[in-house]
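Right, one structure below, let's go through it.
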Amino acid sequence: MKKVIIISVLLLIILSSINARASDPKGDEKIGETKKRIEEEKEKAREEEEDSIEEEDYEEDSIEDEDEEGIIDFLFNVIFEVLFNPLFEDYFFSLRFSNYPYQNYPEYRFITTTDFDPERSRQVAFNFSNDFTVHFDETYGNATKLTFNASSFHANMLHHIIFAESESLSLFSLNGGLTFHFPNTLLHGYFGGLLLDTLNELLFSFGMSIQIYLPARFYLDIYNINARYHSLWFNHLSGDVNYVLNRFTLGLGYTINSYAGFSYHGPSIKAGIWF
């Protein structure tokens, strides 16, 4: 599984490099073109919304609202019953004491339900990190991320900015979801909301991330978030190998961004701290 993930990241890097063309805009021009495309999509969506407005009487609106509320209630009940089903209750709500990745173990035993050692383990963990990326198009990227893990629940916050000499484009995303436990591995699935500085509306976001804890104080961290605005997609993918120094981590990796059809990618350096 670890080899497959590493190979997949390498293939993404190679494919992104192949897709980068010398004729593509660079620097401030590229960021300006990205923002222009977003504005064009916003105007297009506004015109389509105006054209699609139809007159409906109050009774039809009430019926549709009741149907929508019924669907939402049904989905909520299904999710509630699944989460509190006895088959899943032990997994999602049993106490898990996750060893800090900076513990001085020969190998990381990150997940355990039997080895209870309060002095060397925690049920809740925070990680704050910041990575700086040099893109191959005379632009730069900076991603600040805060993650929270509590038993089988996960939340993360991301602020990402792409900038050049005078132009910039940034997003903010807040997400929550579940963590799935494997030997020396954490797999997170989550969804939430994403805000772009060029849009005045909240977009639905979703993604997955994985941490693989390796021997010799190394761990692999892959993070992804996605959102869509009408026909435009916004994707952020980062992968890095980190070395643990007590509570601090230093990492090297690669970041791939696709914003409104424009690709921004390059090598990155990362620093973080665990609480």
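Filtered by the rule that a residue be farther than 20 Å from F182 by Cα, in contact (Cβ under 8 Å) with a residue 24 or more places away in the chain and surrounded by fewer than 16 Cβ atoms within 10 Å (Cβ to Cβ), region 137-161 gives a lone residue, E138.
Within region 223-253, the set of residues being surrounded by fewer than 19 Cβ atoms within 10 Å (Cβ to Cβ), under 20 Å from K145 (Cβ atoms) and touching an Asp or Glu at 6+ places or on another chain (Cβ under 9 Å) comprises V241, L252.
The set of residues in region 234-263 that are over 15 Å from T133 (Cβ atoms) and under 14 Å from the mean Cα position of the chain (by Cα) contains only F234.
Quick check on my filter: what residues within region 195-211 are farther than 14 Å from Y223 by Cβ and in contact (Cβ under 8 Å) with a residue 40 or more places away in the chain? L196, T198, L199, listed by residue number. When A164 is tested against (1) closer than 30 Å to A260 by Cβ; (2) surrounded by fewer than 19 Cβ atoms within 10 Å (Cβ to Cβ); (3) over 19 Å from the mean Cα position of the chain (by Cα), exactly one condition is not met: (2). Quickly run through region 220-258 and pick out the residues that are outside any strand (DSSP E or B) and closer than 23 Å to L171 by Cβ. Of everything in region 220-258, those that are outside any strand (DSSP E or B) and closer than 23 Å to L171 by Cβ turn out to be H230, S231. Restricting region 167-194 to residues that are free of Cβ contacts under 8 Å to residues at least 60 places away in the same chain, hydrophobic (A, V, I, L, M, F, W, C) and within 15 Å of N235 (Cα to Cα) leaves a set whose member that is surrounded by the most Cβ atoms within 10 Å (Cβ to Cβ) is L194.
Kindly list, by first and then second residue, each pair from a residue in region 30-58 that is over 19 Å from Y264 (Cβ atoms) and of a type in the set (K, R) to a residue that is assigned to a helix (DSSP H, G or I) and modelled with pLDDT under 90, limited to pairs with Cβ atoms under 7 Å and residues at least 6 apart or on different chains. Pairs found: none. The residue that is surrounded by the most Cβ atoms within 10 Å (Cβ to Cβ), counting only those in region 195-209 that are aliphatic (A, V, I, L, M) and touching a Leu at 6+ places or on another chain (Cβ under 8 Å), is L196.
The values are calculated or read from the model by the stated rules, or taken from the named source; none is laboratory data. Predicted model, so just to flag it, every value in this text is computed and none were measured. Every residue, glycine as well, gets a Cβ built from its backbone with ideal geometry; the counts of neighbours run over all protein chains shown.
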